[in-house]
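Let me begin by presenting the structure, written as structure tokens, before commenting on it.
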Amino acid sequence: MPADRSALGAFLRSRRDRLTPAQAGIDAFPGPRRVPGLRKEELAVLAGLSADHYSRIEQGRQQTLTDEVLDALARALRLDDLERAHLRDLAAPARRTANPGWEAPQRADPGLLRLMTTLDHVPALLLGRRGEVLARNALLAAVLGHEMAPRASFLRWLFLDPSSRRRIVNWPDYASAAVGAMRYETGRHPRDRRLAALVADLRRRDPDVERWWEDHAVTDRTSVPKQIAHPVFGTLVFAIEALTVPHDPEQRLVVYTVEPGSSTAHALPLLASWAASPDAESDTVPGADELGTETPAGRRARPRLDDDATGGQ
């Protein structure tokens, strides 16, 4: 069975396993049940397909899948919009061609870099393909407690560096969503060998990644808030927003936004000033007695990036 059709079958099985006949609005077929959710025959009826037709799809023996069939399966399985898009990606990878420039180093988009410069009052990070760091501002490194140097892998830090689990209070929620985003990306780019190698390595080295990968869940990149345990400033709470540009959707500017008037909003100017000071490696906090009041944010810092990431811009 081709690898892409294997992924399609596994995704369909995982989605029908999570949906019971009662949830699907039908009576369970008679006889002993060997699956936790829908049987193949039950899903076939819901989708208006013959049992043999659906079996060929799930087993990877049906090479041609029409939009009508995919829509019927998506409705029967009650897929959300992201899952529908993932289903279509898995059903049609044979029509995709490899991008000849895909393996070349990715260059940070100048417009997104300029936008990052204007957002130095909040943490911001520019990510490229496979979660590669293209640039970040100083506040991002101060919040996460990691350099996040250009060309570093954000995903390797998230899953393989123990400090990420200490720093991110809700690490399981955030990390499981990151695995779902990786699975979605592999569906969109099934010929990306470096992405496949990264996923395989993370699955081998981290049992959490392996467990979440086997769930076949897909997620977007902005769905989970992030709570940070900072050793000096305590718990910081952020919502995550990701911005892309039409001419290069493989880059996204990730911005850590804050609720106006919140304790995190009041702490960030002090954190920025502290991070820019010689005392940043200690527990000394400039103006700590004024935490929660408006404080100068310190000197403006340019995004951290290297010449290769910018293409010499």
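If you go through the range 149-165 one residue at a time, how many are surrounded by 19 or more Cβ atoms within 10 Å (Cβ to Cβ) and more than 15 Å from the chain's Cα centre (by Cα)? The total comes to 2. Comparison of V143, V122 shows that the only residue that is in a loop (DSSP other than H, G, I, E, B), closer than 29 Å to E259 by Cα and modelled with pLDDT of 95 or more is V122. With respect to the conditions (1) among the charged types (D, E, K, R); (2) in a loop (DSSP other than H, G, I, E, B); (3) within 15 Å of the chain's Cα centre (by Cα), R183 lacks only one, and its number is (2). Note on the range 231-249: residues that are over 20 Å from T118 (Cα atoms) and crowded, with 17+ Cβ neighbours inside 10 Å amount to 4.
At least 2 residues being closer than 21 Å to A177 by Cα and modelled with pLDDT under 95 is the threshold, and among the strands (runs of 3 or more DSSP E) wholly inside the range 198-313 those reaching it are 234-245, 248-257.
Taking the criterion of being open to solvent by 60 Å² or more (accessible area, probe 1.4 Å), assigned to a loop (DSSP other than H, G, I, E, B) and either among the small types (G, A, S) or in contact (Cβ under 8 Å) with a residue 40 or more places away in the chain (or both), the residues of the range 15-60 that qualify are G25, G48, S50, Q59.
The values are calculated or read from the model by the stated rules, or taken from the named source; none is laboratory data. Here the structure is a predicted model, which means the values were calculated and not measured. Neighbour counts run over all protein chains shown; Cβ positions are idealised from the backbone, glycine included. Quick note on the areas: whole protein, heavy atoms, side chains included, nothing else; ligands and nucleic acids left out. Shrake-Rupley method; radii C 1.70, N 1.55, O 1.52, S 1.80 Å.
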